[in-house]
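*Asks:* One structure, pasted below without further comment.
The values are calculated or read from the model by the stated rules, or taken from the named source; none is laboratory data. Here the structure is a predicted model, which is why all the values come from computation and not from measurement. All Cβ positions, glycine included, derive from the backbone under ideal geometry; neighbour counts span all protein chains shown. Just the protein is used for accessible areas: all its heavy atoms, side chains included, with ligands, DNA and RNA removed. Shrake-Rupley method; radii C 1.70, N 1.55, O 1.52, S 1.80 Å.
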Amino acid sequence: MPETITSRDAARFPIVASCTLFGLYLFFKIFSQEYINLLLSMYFFVLGILALSHTISPIMNKFFPANFPSKQYQLLFTQGSGENKEEIVNYEFDSKDLVCLAMSSVVGVWYLLRKHWIANNLFGLAFSLNGVELLHLNNVSTGCILLGGLFVYDVFWVFGTNVMVTVAKSFEAPIKLVFPQDLLEKGLEADNFAMLGLGDVVIPGIFIALLLRFDISLKKNTHTYFYTSFVAYIFGLGLTIFIMHIFKHAQPALLYLVPACIGFPLLVALVKGEVTEMFSYESSAEILPHTPRLTHFPTVSGSPASLADSMQQKLSCPRRRRQQSPSAM
């Protein structure tokens with residue numbers, strides 16, 4: 001289920017990220033890099049398979065035939081008993097999901113054995129898409145606080161110290177997207193890479209997603225702010241690459257992405273006279289169209305008559321709940 005980032009969470013995020021980054025830096029300085037990366041590789045191997053499977057599942061569903069046998073499964077792990085029972089893991093899936101998991105496992109084994117940049121990027125993109133889907137900003141002010149704090153964080157750890165670059169180069173895990181600079185010379189065996197951290201994708205991404213929900217809330221059938229922020233992101237990323245090649249030094253991408261992603265939509269809001277609407281917008285009550293979510297599967301048991309009564313109740317209850325309190329995105 002999506003997690004909403006509040007203004008307090010946004011203010012604390014750069015501090016938590018800094019502590020985590022510096023902790024990883026110390027780990028790589030004190031302990032053997034080989035063993036740390038082996039442990040992290042196994043950890044991200046499991047997470048990567050689940051994230052990639054969740055990402056490709058909607059696409060793969062279009063290719064399954066209508067008569068494909070679909071059975072429901074549930075992996076449930078609880079703690080305690082009776083009223084004190086607490087769910088630790090509750091993973092529900094079907095036969096189609098098993099196929100997606102098998103395909104993702106092939107990519108996972110490829111990454112584990114070869115650490116190939118294509119497998120790394122597949123996992124990295126899956127993590128990014130899941131991050132944008134699961135993390136929500138509640139309003140534009142919170143987004144500005146988050147982006148502003150991480151702007152300072154990125155500039156300090158890249159320009160002020162060598163911590164960020166050291167960790168990025170030492171950390172053998174799909175937490176970054178890599179782009180081969182010698183692709184034309186060595187093809188798929190390229191080994192000279194430029195890197196883009198997943199935070200530089202996810203953090204602006206959740207802000208752009210917020211502006212998309214704001215566009216929908218205006219009910220003007222236009223996505224002006226979404227397209228503006230999307231173009232702003234491309235502009236900021238292109239400027240990052242240009243400056244990096246000019247000065248031959250690693251660049252904090254958020255140094256260019258944050259002013260672009262905030263400045264461009266704000267300029268559009270000023271021109272259209274919608275600054276007040278933008279900053280007063282709360283996304284917690286908005287429902288995006290065409291995003292149904294299945295949170296549980298019904299238990300089928302009993303006689304046909306009791307089953308029919310049960311299904312009639314299940315179909316009528318959601319309608320009453322939906323009229324009283326819409327689901328939050």
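*Asks:* Can you compute the FRET efficiency between Tyr43 and Ser141 using 1/(1 + (r/R0)^6), with r the Cβ-Cβ distance and R0 = 45 Å? Round to the nearest 0.05. All intermediate terms of the calculation are to be shown ahead of the outcome.
*Replies:* Details: r = 35 Å, r/R0 = 0.77.
Efficiency, from the Cβ-Cβ distance: 0.80.
*Asks:* If I ignore ligands, DNA and RNA and count only protein heavy atoms, how much of Ser7 is accessible to a 1.4 Å probe, in Å² to the nearest 10?
*Replies:* Its heavy atoms expose roughly 60 Å² to the probe.
*Asks:* Need one number: nm distance between label points at Glu282 and Ser105, each 7 Å from Cα along Cα→Cβ, rounded to one decimal.
*Replies:* A separation of 4.6 nm, rounded to one decimal place.
*Asks:* Quick one: P(r) of the stretch 204-268 from all Cα-Cα pairs, 5 Å bins, percents rounded to integers, in order of increasing distance.
*Replies:* Each 5 Å bin holds this share of Cα pairs: 4, 20, 25, 20, 13, 9, 5, 3, 1, 0.
*Asks:* Quick one: helix 254-272 against the long Cα principal axis of the chain, what's the angle to the nearest 10°, folded into 0 to 90?
*Replies:* Roughly 60 degrees, rounded to the nearest 10.
*Asks:* On the full set of protein chains, 1.4 Å probe, figure out the accessible area of Glu189 and give it in Å² to the nearest 10.
*Replies:* Estimated to the nearest 10 Å², Glu189 gives 120 Å².
*Asks:* Could you calculate the FRET efficiency of Phe27 with Asp191 from 1/(1 + (r/R0)^6), where r is the beta carbon distance between them and R0 is 22 Å, rounded to 0.05?
*Replies:* Numbers: r = 25 Å, r/R0 = 1.13.
Step by step, r from the Cβ atoms, then E = 0.30.
*Asks:* Looking at the stretch 42-85, what % of the alpha carbon pairs are farther apart than 13 Å? Could you put the intermediate results ahead of the total?
*Replies:* On the way: 703 of 946 pairs.
Tail of P(r) above 13 Å: 74 percent of Cα pairs.
*Asks:* Given only helices, namely DSSP H runs of n ≥ 4 each adding -39500 (n - 2.57), what is the per-residue ellipticity at 222 nm of the chain, to the nearest 500 deg cm²/dmol? Walk me through the numbers on the way to the answer.
*Replies:* On the way: 12 runs with 208 residues, N = 329.
Counting only the DSSP helices, I get -21500 deg cm²/dmol.
*Asks:* In whole Å, how far is the Cα centre of the stretch 133-153 from that of the stretch 76-126?
*Replies:* Value for the Cα centre distance between the two parts: 28 Å.
*Asks:* Provide, as a two-decimal number, the C-alpha radius of gyration of the stretch 1-111 over 2.2 N^0.38 Å, N being how many residues it has. Write out the running numbers ahead of the final one.
*Replies:* Details: Rg = 19.3 Å, N = 111, 2.2 N^0.38 = 13.2 Å.
This ratio for the stretch 1-111 stands at 1.46.
*Asks:* Now, a different point. Give me the base-10 log of I(q)/I(0) for the stretch 49-110 at each q in 0.17, 0.24 Å⁻¹, Debye formula, one uniform scatterer per Cα, rounded to two decimals.
*Replies:* Ignoring solvent entirely, the Cα scatterers give -0.67, -0.99.
*Asks:* Using a 10 Å Cβ count of at most 12 others and DSSP loop calls, identify the longest part of the chain lacking such trypsin sites (Lys or Arg not before Pro).
*Replies:* On the way: sites that count: Lys62, Lys71, Lys85, Lys219, Lys220, Lys248, Arg293.
It works out to 86-218.
*Asks:* Ok, one more. How much of the calculated P(r) for the chain lies past 39 Å, in percent of all Cα pairs?
*Replies:* Details: 12621 of 53956 pairs.
Here the long-distance tail beyond 39 Å is 23 percent of all Cα pairs in the chain.
*Asks:* Moving on to the next point. First compute the accessible area of the stretch 186-228 with a 1.4 Å probe, then give the percent of it belonging to carbon and sulfur atoms.
*Replies:* Using a 1.4 Å probe with all protein chains present, the stretch 186-228 comes out at 59 percent carbon and sulfur.
*Asks:* Another question, if that's okay. Starting at the first residue of the stretch 79-91, write each ³J(HN,Hα) from the Karplus equation 6.51 cos²θ - 1.76 cosθ + 1.60 with θ = phi - 60°, in whole Hz, x for Gly and Pro.
*Replies:* 10, x, 8, x, 6, 8, 5, 10, 6, 9, 9, 9, 10
*Asks:* Still on this structure, I have one more. Once you have the alpha carbon radius of gyration of the stretch 87-163, what is it after dividing by 2.2 N^0.38 Å, with N set to its residue count? All intermediate terms of the calculation are to be shown ahead of the outcome.
*Replies:* Values: Rg = 18.2 Å, N = 77, 2.2 N^0.38 = 11.5 Å.
That works out to 1.58 for the stretch 87-163.
*Asks:* For the chain, find the longest principal axis of its Cα atoms and tell me its angle to the long axis of helix 117-134, 0 to 90°, nearest 10.
*Replies:* Roughly 60 degrees between the two axes.
*Asks:* Given points 7 Å out from each Cα along the Cα-Cβ axis, report the Leu218 to Lys85 separation in nanometres with one decimal.
*Replies:* 5.0 nm
*Asks:* Given all pairs of different Cα atoms, what value in angstroms does the Kirkwood hydrodynamic radius of the stretch 127-260 take?
*Replies:* Answer for the stretch 127-260: a Kirkwood hydrodynamic radius of 16.2 Å.
*Asks:* Per-residue accessible area for His54 at 1.4 Å probe radius, Å² rounded to 10?
*Replies:* Approximately 90 Å² of His54 is accessible to the 1.4 Å probe.
*Asks:* Within the stretch 234-254, find all residues whose amide N lies under 14 Å from a label point positioned 7 Å from the Cα of Leu183 along Cα-to-beta-carbon.
*Replies:* So the set is empty, nothing qualifies.
*Asks:* Just to confirm the filter: which chymotrypsin sites (Phe, Trp or Tyr not before Pro) across the stretch 41-77 are DSSP coil and have at most 12 other Cβ within 10 angstrom of their Cβ?
*Replies:* Details: sites: Tyr43, Phe44, Phe45, Phe63, Tyr73, Phe77; in loops: Phe63.
Answer in residue order: Phe63.
*Asks:* Any chance you could give the angle, 0 to 90 degrees and rounded to 10, that helix 33-60 forms with the longest Cα principal axis of the chain?
*Replies:* That works out to roughly 50 degrees.
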